[in-house]
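First the structure, in the form of structure tokens, and then the observations on it.
What follows is calculated from the coordinates using simple rules that are stated; it is not laboratory data. Computed from a prediction, not measured in an experiment: that's the story for all the values here. Ideal geometry is used to build each Cβ from the backbone, glycine not excepted, and the neighbour counts take in all protein chains shown.
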Amino acid sequence: MPTATGTTSPTAYHDGRPDRVSTDSDGDGIPDRVEGTADTDHDKTNNFRDLDSDADGIPDAVEGTLDTDGDGIRNFMDTDSDGDGIPDATEGTVDTDGTGTPDYLDRDSDGDGVPDQQEGTGDADGDGIPNYKDR
């Protein structure tokens, strides 16, 4: 699998085959037919050649093709994969509560029983930790 350089694959032919015959032009593990020719993040790179189709800083290969929040948008194109109102780019791939689910997919990132959507990104106690990560 190629390493991300910006948002596009480092070579157009990562597998030595032209895009027109390759089944995974960017080598992210998601077939071109699934990624399609749209440009979700408007970076002038079609999804099938873009290693981060939604520009959230999480590679498509990590996000995958599931639709975690059931909104009809696959995670690799969804800027809020868990539907909690906090962008994936903000939550990131860290697992704050240690449950094995990264925050961008966890609806209660700190495991305190209060949904991230309710806690939000503010810092009510002024300790420098956003409410959704603060127990």
(request) Give me the pairs, please: first residue somewhere in the stretch 95-111 and farther than 18 Å from D69 by Cβ, second residue anywhere and crowded, with 19+ Cβ neighbours inside 10 Å and acidic (D, E), beta-carbon distance under 6 Å, and either six or more positions apart or on two chains. (result) T96/D103; T96/D110; D97/D110
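Being under 28 Å from I30 (Cβ atoms) and of a type in the set (S, T, N, Q): is that true of T121 here?
Here the answer is no, as T121 does not meet what is asked.
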(message) So the check is Cβ under 6 Å with 6+ separation or different chains; which pairs have a first residue in the stretch 61-79 that's within 20 Å of H42 (Cβ to Cβ) and a second one that's aromatic (F, W, Y)?
(response) E63/F76
